[in-house]
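Remarks on the structure that follows.
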Amino acid sequence: MKKYLAYALLLTLLLVAPLLFYPVLLMKVLCFALFASAFNLILGYGGLLSFGHAAFFGGAAYVTGHAIKIWGLPTELGILTGTAAAMVLGLLVGVLAIRRQGIYFAMITLALAQMVYFVFIRAGFTGGENGLQGIPRGTFLGLVDLSNDRAMYYFVLGVCLIGFGVIARAVHSPFGQVLRAIRDNEPRATSLGYNIDRYKLLAFVISATIAGLAGATKSVVFQLASLTDAHWHMSGEVVLMTLLGGLGTIFGPAVGASIIVTLQNTLSSGPLGAWVTVIMGLIFIVCVLAFRKGIVGELQAALRKSFN
Amino acid sequence: MFSDLLGIAPQVLFGQLLLGLINGSFYAVLSLGLAVIFGLLNIVNFAHGALYMLGAFAAWLLGKYLHIDYWGALILAPLIVGFIGVVLDRFLLRRLAGVDHLYGLLLTFGLAMLIEGLFVKMFGASGQPFAAPKALNGGVNLGFMFLPYYRAWVVVASLVVCAVTWYVFERTKIGAYLRAGTENPKLLQAFGVNVPLLTTLAYGYGVALAAFAGVLAAPITQVNPLMGSNLIIVVFAVVVIGGMGSIMGAIVTGLSMGVVEGLTKVFWPEASSTIIFIVMAIVLVLRPAGLFGRTN
C-alpha cells in the first residue's frame, strides 16, 4: 500500500514538474535517466561492464533523425526505427562481446563502439562533424503538436515510463532472477542448467534497445543527433550516472542521471564551465573509492541498519 | 628495382609500412605496459593513454623550463611519470585490493578524465610543437623510400625497450618474482617476498613505459593533451587480440597490428581507422582467448 502511495506521489511530481522547472532540462534528465537505467540492467543486474553503450544511444539518435528528417516518417515511427536499429546493433556487439568476460568484456564493447563511432564519422548520412541538425519534432499521432515544449515533455515522459516499465518488468521477472544468479555465481548458474550466454545476450540486447530508445527520444527533443552522443565519453558518463546513483538499484540510475545532468547544466553556464571534465573525473574517483554503493544503495543500507 | 608493386608506388607502400611500424611500436610498448600492470594488479589501466600524454608533456615542460634536451627528457620523463604512478598506486589503487576488478577500470577511467581535463584547461586542446633532436634530423634515401632518421630511431628504441622488458621478465630473478606474483601473490608473500612493493614497482614500470612512448611520439604527433585518449582504445583492441597472457604476445601483436594498419592505409584507406577493431572481431569469433591468451 505504502509502495503504491509512493509511486502515485512520484508520478504526480513528474506530471507537475514542467510547471516548476524548465521543460527542456527535464526532458534531458528523463532521457538520461532512461539511458542510465538501461545501462544498469546490464551492469547492475548482469554484472557486465559495457563501455560501449554510447554506440546504441548515438546510433539510435542518428537513425531516428534520418528517418524523420529524410524519409519523412512520423515521430513515433522514427523513434521506433531508431530503437530497432539499436537492437540490431546491440545483438551484433553482444554476440561478440559475451565471448569474453569481466575486464575483456569492457574493452571489447569499448573497441566495437569506437569502430561504430568511426563509421559514423565517415558515413554521409550523419553529417560528419556538424551532426544531423534540424530534425523536425512533428506531431504525436498527428494530433498533438510536439514543437510545444510542454506537449513534448508529456510525450517524452510517456516514452520513458514505457522504457522504465520494461526494465522494471525484466528485473523482477524470473529472467531477472537468473541474471542476478549469473552475476553472483556464474559456474553455479551453469551447473543448474541455465544457458548463461543466452541470458547475458538477451539482457545485453534489452539494455541496448532501451538505451537506443533514450537516444532516439533525445534526438527528437533537441532536434539534433551528433557525434557527442556516440563518443566514448558518453559511455563513460552513463557509467558515472549509474555508479553515482547506485548499481543494481531500480531508482539509483535515474537519481544519478538527474544529478549529473543538472550539474553539467549548471556548471557549463558558470565560471567553472571549463572544469566540467575535471569535476566529472573527481566524482568518478570519489564514487569508486568511498561510495561504491551509490546514493540510493547507501540510503538503502542505512535504512536497513536503522531497522535492525 | 621495385618499380611498381601491385599497382602501388613503392614510396607509398614502404612509407605506410614504416608509419605502421612506428604506430606498431607505440602499440607494443603501451600494451606491454598494460600487460605488466594487469599481471600484478589485475587492473586494466584506463589512465594509460593519459600517462602517455603526461610523458610527452613532461618532456616538453622539461625542455621549456629547465632546458633539458631530448635525450635527458627521454630518461627523466619516464622516471617522473613512473614516480607519479607509484604515488597513484600507493594512495588510490591500493585501496581497491579485494574489490571487483571492474572498479579498477572505473577508477583509472576517472583518473584519465581528471588528468586530461586538467591539461586541456592548462594548455588548451591544440598541440605544442616539439622538435626532434638535432642528431636525428634528416634521413637516408634507401632507393625504394626515404627513411627519416628520427622515425627509424623510434622503432629501434621501442624494440630495445621491449626486448629489455622481455629479458627482465623471462630471464632474471626479479622477473621470476613478478611472474610468480602474477600466478599466485599469496603464496609468493608467504615465501617472504614483499608483494605490495613488487606490485607498486610493476605499476610504476608499466606507467614509465607509457611515458617513454609518449616522449618518443612527441616530435611526431606534437604534444597534445588528448594525444592518448583515442590511442588507448586502439591499444585495448590490440590487447584483446593478443591476450594479456604473455610479454612476447603483447610485443608481437602490437607491432603486427601497426603493420596491418599501415597496409590497410595503402590498399583500403576507408577502413584504416577501423581495421584493428575488425581484426579484433574476427579474432573473437575464431579464438576468443586471443592469439597468445590462455583460457582459464
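The values are calculated or read from the model by the stated rules, or taken from the named source; none is laboratory data. The shown structure was predicted, so the numbers you read here are calculated from the model rather than taken from an experiment. Using ideal geometry, Cβ is built from the backbone for each residue, glycine included, and neighbour counts are taken over all protein chains shown.
Remarks
- Residue among A:Thr217, A:Thr262 that is surrounded by fewer than 17 Cβ atoms within 10 Å (Cβ to Cβ), away from chain B (no Cβ under 14 Å) and within 29 Å of A:Tyr62 (Cβ to Cβ): A:Thr262
- Residue match in the range B:207-219 (condition: in contact with a His (Cβ under 8 Å, 6 or more places away or on another chain) and either crowded, with 23+ Cβ neighbours inside 10 Å or hydrophobic (A, V, I, L, M, F, W, C) (or both)): yes
- The one condition in (1) farther than 15 Å from B:Ala211 by Cβ; (2) within 12 Å of chain A (Cβ to nearest Cβ); (3) in a helix (DSSP H, G or I) that B:Tyr65 fails to fulfil: (2)
- Consider the range B:105-131 and keep the residues that are touching a helix residue (DSSP H, G or I) at 6+ places or on another chain (Cβ under 9 Å), surrounded by fewer than 21 Cβ atoms within 10 Å (Cβ to Cβ) and not hydrophobic (A, V, I, L, M, F, W, C). The one that is farthest from the other protein chains (Cβ to nearest Cβ) is B:Pro129.
Yes/no matrix, rows are residues, columns are (1) farther than 18 Å from B:Ala157 by Cβ; (2) at pLDDT 90 or above; (3) touching a Pro at 6+ places or on another chain (Cβ under 9 Å):
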| residue | (1), (2), (3) |
| --- | --- |
| B:Ile43 | yes, no, no |
| B:Leu61 | yes, yes, no |
| B:Trp71 | no, yes, yes |
| B:Gly85 | yes, yes, no |
| B:Leu106 | yes, yes, no |
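- The residue that is nearest to the chain's Cα centre (by Cα), counting only those in the range A:141-156 that are assigned to a helix (DSSP H, G or I) and either acidic (Asp, Glu) or crowded, with 19+ Cβ neighbours inside 10 Å (or both), is A:Val156.
- The set of residues in the range B:126-167 being farther than 26 Å from B:Ser256 by Cβ and not in a loop (DSSP other than H, G, I, E, B) consists of B:Gln128, B:Lys134, B:Ala135, B:Asn141.
- Take the conditions (1) surrounded by fewer than 23 Cβ atoms within 10 Å (Cβ to Cβ); (2) of a type in the set (Val, Ile, Thr); (3) under 28 Å from B:Lys121 (Cβ atoms); A:Val296 misses just one of them, which is (3).
- Residues being out of contact with any Ser or Thr (no Cβ under 6 Å at 6 or more places or on another chain), more than 9 Å from B:Phe292 (Cα to Cα) and among the hydrophobic types (A, V, I, L, M, F, W, C) - total across the range B:235-267: 13
- For the range A:183-214, the set of residues classified as among the hydrophobic types (A, V, I, L, M, F, W, C), farther than 20 Å from A:Met27 by Cβ and surrounded by 24 or more Cβ atoms within 10 Å (Cβ to Cβ) consists of A:Ala203, A:Phe204, A:Ala208, listed by residue number.
- Some residue of the range A:81-89 being more than 22 Å from A:Glu237 (Cβ to Cβ), without any contact (Cβ under 8 Å) to a residue 40 or more places away in the chain and either within 14 Å of another protein chain (Cβ to nearest Cβ) or in contact with a strand residue (DSSP E or B) (Cβ under 7 Å, 6 or more places away or on another chain) (or both): no
- Of the set (1) at pLDDT 90 or above; (2) in a helix (DSSP H, G or I), all apply to A:Tyr194 but (2).
- Selection status of A:Gly44, part of a helix (DSSP H, G or I), of a type outside the set (A, V, I, L, M) and in contact with a Phe, Trp or Tyr (Cβ under 8 Å, 6 or more places away or on another chain): no
- Sole exception among (1) farther than 20 Å from A:Asn40 by Cβ; (2) of a type in the set (Ser, Thr, Tyr); (3) within 14 Å of chain B (Cβ to nearest Cβ) for A:Ser306, by number: (3)
- Residue ranges of helices (runs of 4 or more DSSP H) in the range A:204-278 with at least 3 members among the polar types (S, T, N, Q): A:252-269
- Given (1) among the small types (Gly, Ala, Ser); (2) without any contact (Cβ under 8 Å) to a residue 60 or more places away in the chain; (3) part of a helix (DSSP H, G or I), number of the condition B:Ala56 does not satisfy: (2)
- For the range B:149-156, the count of residues that are within 14 Å of chain A (Cβ to nearest Cβ) and either over 22 Å from B:Leu231 (Cα atoms) or within 24 Å of the chain's Cα centre (by Cα) (or both) is zero.
- Restricting the range B:93-104 to residues that are at the interface with another protein chain (Cβ under 7 Å from one of its Cβ atoms) and within 23 Å of A:Leu110 (Cα to Cα), the residue that is modelled with the highest pLDDT: B:Tyr103
- If you go through the range A:279-308 and keep only what is part of a loop (DSSP other than H, G, I, E, B) and among the basic types (Lys, Arg), you end up with A:Arg292, A:Lys293.
- Of the residues examined, B:Leu51 is not one that is assigned to a helix (DSSP H, G or I) and modelled with pLDDT under 95.
- Of the residues making up the range A:108-127, at least one is surrounded by fewer than 22 Cβ atoms within 10 Å (Cβ to Cβ), under 19 Å from A:Ala67 (Cα atoms), out of contact with any helix residue (DSSP H, G or I) (no Cβ under 7 Å at 6 or more places or on another chain) and away from chain B (no Cβ under 14 Å).
- Subset of the range A:228-239 that is surrounded by fewer than 24 Cβ atoms within 10 Å (Cβ to Cβ) and among the hydrophobic types (A, V, I, L, M, F, W, C) - its residue that is farthest from the other protein chains (Cβ to nearest Cβ): A:Met234
- Among the conditions (1) surrounded by fewer than 20 Cβ atoms within 10 Å (Cβ to Cβ); (2) in contact with a helix residue (DSSP H, G or I) (Cβ under 7 Å, 6 or more places away or on another chain); (3) β-branched (Val, Ile, Thr), the only one that A:Ile70 does not satisfy is (2).
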